[in-house]
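Structure, as structure tokens:
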Amino acid sequence: MEPYPNHPPLIFESAEFYGRELGAAEVPRLQALFDSNPEYFLAVNGRPPNADEAQVEFEELPPPHLGFTKRWFAGLFDREHELIGVAVVVADLAVAQVWHIALFLVATRLNGRGVASQIYVSLEAWMRRSGAKWLRLGVVEGNVSAERFWAKHGFQEVRQRTGIDTGGRINNLRVLVKPLEPVQLSNYLSLVPRDQPDSQLP
């Protein structure tokens with residue numbers, strides 16, 4: 001895959017936190033983060049993280065039929081360089097300038113302190129600077145805290161995907177989209193037919 005043209009390094013910063021790409025040698029560190037924060041996996045899959053959860057996440061790519069330009073697997077760190085979260089971002093998923101947030105996880109102990117929002121705002125600013133015009137993600141229906149978080153940050157549902165195996169449990173996924181320019185969601189849906197409300201495409 002060719003590098004995404006003219007993107008700045010994936011180093012986004014807030015007052016207390018920063019993000020950078022993780023390397024393969026850091027997968028055990030990521031597994032330790034998952035093991036000590038099982039709440040996400042319990043909410044999504046009804047089970048704690050598997051012993052190889054980090055390796056699977058690190059290696060997983062979007063489905064081949066969609067296509068994309070670049071994928072970043074970023075660790076989220078505090079100023080003591082402790083790994084406190086992870087974000088996986090895919091540029092140009094199926095359509096140019098549509099960026100997909102495949103995973104966004106922040107340590108549970110930081111809940112209620114605005115940390116996830118602080119980090120996300122910095123991440124979004126980086127994506128905007130790097131050429132994203134639309135942001136997209138999927139959230140498991142009934143994962144109330146995640147649904148509230150993404151609604152707070154301006155994401156809107158465009159369709160639902162039913163009967164999806166997310167890694168141990170069959171769930172319904174709400175596909176959420178956020179424009180980074182003042183345009184209507186109908187513009188997005190004309191660009192991405194697979195996300196239209198009545199779409200049967202995977």
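The values are calculated or read from the model by the stated rules, or taken from the named source; none is laboratory data. Quick caveat, the model's predicted, so the values are computed rather than measured. Because the Cβ atoms are built from the backbone with ideal geometry, glycine has one as well, and the counts that use them run over all protein chains shown.
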Could you check segment 159-202 and list, in sequence order, the residues that are of a type in the set (Gly, Ala, Ser) and out of contact with any helix residue (DSSP H, G or I) (no Cβ under 6 Å at 6 or more places or on another chain)? Gly163, Ser186, Ser190, Ser199
Please go through segment 12-27 and give me each residue that is under 16 Å from the mean Cα position of the chain (by Cα) and in a loop (DSSP other than H, G, I, E, B), ordered by number. Phe12, Leu22
Those residues of segment 166-202 that are acidic (Asp, Glu) and more than 19 Å from the chain's Cα centre (by Cα) come to a total of 2
All-but-one check, Val139 against (1) under 26 Å from Leu42 (Cβ atoms); (2) in contact with a Phe, Trp or Tyr (Cβ under 8 Å, 6 or more places away or on another chain); (3) assigned to a loop (DSSP other than H, G, I, E, B); (4) not hydroxyl-bearing (Ser, Thr, Tyr), failing number (3)
Exactly one of these conditions fails for Glu60: (1) within 16 Å of Val106 (Cβ to Cβ); (2) within 17 Å of the chain's Cα centre (by Cα); (3) surrounded by fewer than 18 Cβ atoms within 10 Å (Cβ to Cβ); (4) among the acidic types (Asp, Glu). Give me its number. (1)
Selection count where residues are outside any helix (DSSP H, G or I), closer than 30 Å to Leu201 by Cα and polar (S, T, N, Q), scope segment 28-75: 2
Meets criteria (under 21 Å from Trp126 (Cα atoms), assigned to a loop (DSSP other than H, G, I, E, B) and either in contact (Cβ under 8 Å) with a residue 60 or more places away in the chain or within 20 Å of the chain's Cα centre (by Cα) (or both)) for Gly154: yes
Which residue out of Ala96, Ala91, Ala43 is touching a Lys or Arg at 6+ places or on another chain (Cβ under 7 Å) and under 26 Å from Asp195 (Cα atoms)? Ala91
Enumerate the pairs (first residue in segment 1-21 and over 13 Å from Val86 (Cβ atoms) and modelled with pLDDT of 90 or more; second residue anywhere and surrounded by fewer than 16 Cβ atoms within 10 Å (Cβ to Cβ) and acidic (Asp, Glu)) with beta-carbon separation below 6 Å, excluding pairs fewer than 6 apart on the same chain, so at least 6 apart or on different chains. none
Go through (1) crowded, with 17+ Cβ neighbours inside 10 Å; (2) in contact with a strand residue (DSSP E or B) (Cβ under 9 Å, 6 or more places away or on another chain) one by one and return the number of the condition Leu83 breaks. (1)
For segment 78-94, how many residues are modelled with pLDDT of 95 or more and farther than 18 Å from Glu13 by Cβ? 5
Please determine whether any residue of segment 95-117 is of a type in the set (A, V, I, L, M), part of a helix (DSSP H, G or I) and surrounded by 20 or more Cβ atoms within 10 Å (Cβ to Cβ). yes
I'd like the full set of residues that are within 27 Å of Tyr120 (Cα to Cα), part of a loop (DSSP other than H, G, I, E, B) and of a type outside the set (A, V, I, L, M), limited to segment 180-201. Glu181, Pro182, Gln184, Gln196, Pro197
All but one of (1) under 21 Å from Ile84 (Cα atoms); (2) touching a strand residue (DSSP E or B) at 6+ places or on another chain (Cβ under 9 Å); (3) not hydrophobic (A, V, I, L, M, F, W, C) hold for Ser145; state the number of the condition that does not hold. (2)
